[in-house]
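*Asks:* Starting off with a structure, shown below.
The values are calculated or read from the model by the stated rules, or taken from the named source; none is laboratory data. Given the structure is predicted, the values throughout are model-derived calculations rather than measurements. A quick note on method: Cβ atoms are made from the backbone with ideal geometry, for glycine too, and the neighbour counts reach across all protein chains shown.
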Amino acid sequence: MLQGFKEFISRGNAVDLAVGVVIGAAFTGVVNALVEKVLNPLIGGLFGTPNFDETWVITLGMSGQPAQVLPFAVVTALVNFLLVAAALYFVVVLPMNTLAARRKVEEVEPEAPAEDVRVLTEIRDLLAAERAGRPL
């Protein structure tokens, strides 16, 4: 049982996944800073508030401490999700795809073999097929 666990841990997939999770967690701080410090203040400047939580408040219960229902908190969460997705796409995915496309274009495809090499290859293949068809 321990041997199987050791093999699982030492496999590349498990290690790659662990590294990906750690890098993702570290990158979360960068994305959150971009959204909270750049994009949300822009929204606050345009709409007067950086979120929509208190756009429509429903108060329940009159005695003691009344409960407040904030239905537009869901809208705020959806907008934040879209902002994070947009930040990831435009800051990470799009540049990486552009770099990958440039690398692919820069890779030189091998030239087609010269005519004499192509003819010799055909002759070799024909001779091999002829030999394979003859009984030994």
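*Asks:* Does at least one position in region 6-20 carry a residue that is in contact with a Phe, Trp or Tyr (Cβ under 8 Å, 6 or more places away or on another chain) and free of Cβ contacts under 8 Å to residues at least 60 places away in the same chain?
*Replies:* Scanning region 6-20 turns up at least one residue that is in contact with a Phe, Trp or Tyr (Cβ under 8 Å, 6 or more places away or on another chain) and free of Cβ contacts under 8 Å to residues at least 60 places away in the same chain.
*Asks:* Being surrounded by fewer than 11 Cβ atoms within 10 Å (Cβ to Cβ) and among the aliphatic types (A, V, I, L, M) is the filter; apply it to region 18-36 and report the residue that is nearest to Val93 (Cα to Cα).
*Replies:* Step by step, filter region 18-36, then rank; the result is Ile23.
*Asks:* A further question on this structure: Can you find a residue in region 37-58 that is surrounded by 13 or more Cβ atoms within 10 Å (Cβ to Cβ), among the hydroxyl-bearing types (Ser, Thr, Tyr) and either within 21 Å of the chain's Cα centre (by Cα) or modelled with pLDDT of 85 or more (or both)?
*Replies:* The answer is no, given that none of the residues of region 37-58 is surrounded by 13 or more Cβ atoms within 10 Å (Cβ to Cβ), among the hydroxyl-bearing types (Ser, Thr, Tyr) and either within 21 Å of the chain's Cα centre (by Cα) or modelled with pLDDT of 85 or more (or both).
*Asks:* Continuing with the same structure: Here are Glu122, Glu111: which of them is part of a helix (DSSP H, G or I), farther than 30 Å from Glu36 by Cβ and not aliphatic (A, V, I, L, M)?
*Replies:* Glu122 is the lone residue from the list that is part of a helix (DSSP H, G or I), farther than 30 Å from Glu36 by Cβ and not aliphatic (A, V, I, L, M).
*Asks:* Within region 47-75, work out how many residues are more than 23 Å from Lys37 (Cβ to Cβ) and not in a loop (DSSP other than H, G, I, E, B).
*Replies:* 7
*Asks:* Starting from residues that are modelled with pLDDT under 85 and within 15 Å of the chain's Cα centre (by Cα), keep the ones in region 86-120 and report whichever is farthest from Pro50 (Cα to Cα).
*Replies:* The residue in question is Val92.
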